[in-house]
Amino acid sequence: MEKGTLPKNRKRWIDFLPDEVYNSLKQTDKDNLLHFQRLSKSRVQKELKLKKLKEEIKELRKSISDTNMKEEYYYLKVQFLHNVFGCRVDVVRGLRKPNSLKQVPSNKISYKRKTHNGKPLKPYYVWNGKVYSSSLEKPKSIYFQSEDKLKETISKLTGNDIKTITPDFIKKYLKKEYTDYVRDLMRKNGVEKFSSLSISFDKFIKWSENRNKKQGTSSTIQPTSNQNESKKRFKDHIKQITWIKDKDYYKTLTQEERKSFSPWLILKYLSHCYELLPILGEYTPKMSMLNPEQVYKVLIGIIPKGEYKFKVLNRKKKKGVVYSDVMIELLSKEYECSSETSKEYIDILYETGDYEKTREHLYRKYGKELS
C-alpha cells in the first residue's frame, strides 16, 4: 500500500471517550476529533439524502414508463393527424412577354403587335406559386399578381413604403403569409374540404384584411388620402413586433417616426400581456444597453408571432385624457420628439396606467413643482 493512502472499505469509527481521556488530549487532537465528528455526521446525512434521491429517481422512472405507455396508446388513436396541417409554399418570379403574335387562318400570315390600346407592349414580371402538402393529392397552383401590382397590394397590407418592397421582400412575404393563410384554412375547414377549396390571391387579401381588423389596425387595401394616415405610430411598432416582424422595418422609419419608438415605453406596453411576461422578464435586463434598432430586432426574434391581448385600460371607461402643456414639453425633451408624438405617449401612458408615475419622475428630473 502506497504511503498516504487508505485501504478500501476501511471503517472510520471512534468509541465514546470518557471525560478523563478527552481532557487528557492535546488541544490539536481535540480539534482534529471535532473536525472528524462533524464531517462524519455530514457524510451520513448526505448518504441518507442520496438514498432518498435514488428511491425518488426509481419512482420517477417508473412513472415515466407508465406515462410513455399511455402516451403511445393515445398517439395511435390520433396518428393520422401527423403532419396533416403541414405545408410548403413555393414562390416563383417569372418574366412574361405579351402575346404579340397573331395567326390569321386564311393565309397563315403572322405579324407582331408592338402596341395595345395605344401603349407599347413590354415584357413584365409576374409571380406564381404552388402549395405542397402531404394531405393533398397534387399541389395547388396560385397566380399572385404582376410585380408592379403586387408591390402596391403588399404596401397597403403591411404599411411599408412601396419603394422598400424588393423582389426578395415579396418572396419572403408571400412564403410566410401564404403559409399562415393555408394552415388557417386547413384548421377551419378540415383536410378533405380544403382539397377542393379555392386559395386564390383575392381571397388571401380579404383574409389578411380581416386579420388586420381583428388586431385593431387599419391596413385594408384602400389608397391613403393624405400623408398623416401612412405615418407609422406607436401601435404600428407593436404590430410589427408581434405579427409582421419585418427585420428592416426600423430602417424604413423617418426621423420623426423613430422618435415614437421608445424602447422603454414599448417594453412597458408589452409587459401588460401575461403571455409575454416570462420572455420579457428574462431578456429585458439584457436590452438596457441596446439602441432602439437593436431592441426591435431582439423583440421580433424572441416574441412568437401571434395575436396578443394587452391588459390596458379601456378608452371608453377611463377618465378623460389630460394633454398638459407641461407634460407635453417634458416628454418632448425626454424623447426628443414632436408635440404630436408626446400626445401619443400620453395616450399610451394612460392606457397602461403609468401616467402619474411617469409624470412624477419627469417633474422631479426637470425641476418642476408637482401641483
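The values are calculated or read from the model by the stated rules, or taken from the named source; none is laboratory data. The model shown is predicted, which means the values in this text are computed figures rather than measured ones. All Cβ positions, even for glycine, are placed from backbone atoms using ideal geometry, and neighbour counts span all protein chains on display.
When the residues of the range 51-77 are filtered to those that are hydrophobic (A, V, I, L, M, F, W, C) and surrounded by 10 or more Cβ atoms within 10 Å (Cβ to Cβ), the one that is nearest to TRP13 (Cα to Cα) is LEU53.
Checked against (1) of a type outside the set (Phe, Trp, Tyr); (2) under 26 Å from TYR173 (Cα atoms); (3) modelled with pLDDT under 80; (4) in contact with an Asp or Glu (Cβ under 7 Å, 6 or more places away or on another chain), VAL321 passes all but condition (2). Residues considered: ARG61, ARG93, ARG43. Of these, the only one that is at pLDDT 70 or above, among the basic types (Lys, Arg) and either within 30 Å of ASN189 (Cβ to Cβ) or not in a helix (DSSP H, G or I) (or both) is ARG93.
The residues in the range 187-211 that are more than 17 Å from ASP90 (Cβ to Cβ), within 26 Å of the chain's Cα centre (by Cα) and modelled with pLDDT of 80 or more can be counted, and the count is 9.
If you go through the range 159-180 and keep only what is in a helix (DSSP H, G or I) and surrounded by fewer than 19 Cβ atoms within 10 Å (Cβ to Cβ), you end up with ILE162, LYS163, THR164, PRO167, ASP168, PHE169, LYS171, LYS172, LYS175, LYS176, THR179, ASP180.
Scanning the range 246-293 for residues that are in a loop (DSSP other than H, G, I, E, B) and buried (at least 16 other Cβ atoms within 10 Å of the Cβ) gives ASP246, LEU253, SER260, PHE261, SER262, SER271, HIS272, CYS273.
For residues that are hydroxyl-bearing (Ser, Thr, Tyr) and under 16 Å from SER260 (Cβ atoms), scanning just the range 324-349, find the one that is nearest to the chain's Cα centre (by Cα). The selected residue is TYR345. Could you check the range 291-305 and list, in sequence order, the residues that are of a type in the set (A, V, I, L, M, F, W, C), touching a Phe, Trp or Tyr at 6+ places or on another chain (Cβ under 9 Å) and more than 12 Å from LYS247 (Cβ to Cβ)? Matches in the range 291-305: VAL295, ILE302. Scanning the range 131-155 for residues that are under 28 Å from the mean Cα position of the chain (by Cα) and among the acidic types (Asp, Glu) yields one hit, GLU152. Which condition does GLU307 not pass, out of (1) surrounded by fewer than 17 Cβ atoms within 10 Å (Cβ to Cβ); (2) in a helix (DSSP H, G or I); (3) among the acidic types (Asp, Glu), if it passes all the others? Against the list (1) surrounded by fewer than 17 Cβ atoms within 10 Å (Cβ to Cβ); (2) in a helix (DSSP H, G or I); (3) among the acidic types (Asp, Glu), GLU307 comes up short only on (2).
Please verify whether LYS232 is of a type in the set (D, E, K, R), in a loop (DSSP other than H, G, I, E, B) and touching a Leu at 6+ places or on another chain (Cβ under 7 Å), treating the condition exactly as stated. So LYS232 passes the test.
Report whether or not GLU147 is surrounded by 13 or more Cβ atoms within 10 Å (Cβ to Cβ), of a type in the set (Asp, Glu) and under 14 Å from VAL92 (Cα atoms). Show your work before the answer.
Numbers: surrounded by 13 or more Cβ atoms within 10 Å (Cβ to Cβ): yes; of a type in the set (Asp, Glu): yes; under 14 Å from VAL92 (Cα atoms): yes.
For GLU147, the condition - surrounded by 13 or more Cβ atoms within 10 Å (Cβ to Cβ), of a type in the set (Asp, Glu) and under 14 Å from VAL92 (Cα atoms) - is met.
Scanning the range 1-40 for residues that are among the basic types (Lys, Arg), modelled with pLDDT of 85 or more and in a loop (DSSP other than H, G, I, E, B) yields a single hit, LYS26.
Does LYS213 satisfy the condition of being part of a helix (DSSP H, G or I) and over 24 Å from GLU307 (Cα atoms)? Judged against the criteria, LYS213 is not a match. Of all the residues in the range 337-371, those that are of a type in the set (Asp, Glu), in contact with a Leu (Cβ under 9 Å, 6 or more places away or on another chain) and modelled with pLDDT under 85 number 2.
Summed over the range 144-157, residues that are in contact with a helix residue (DSSP H, G or I) (Cβ under 7 Å, 6 or more places away or on another chain) and over 20 Å from ILE199 (Cβ atoms) total 3.
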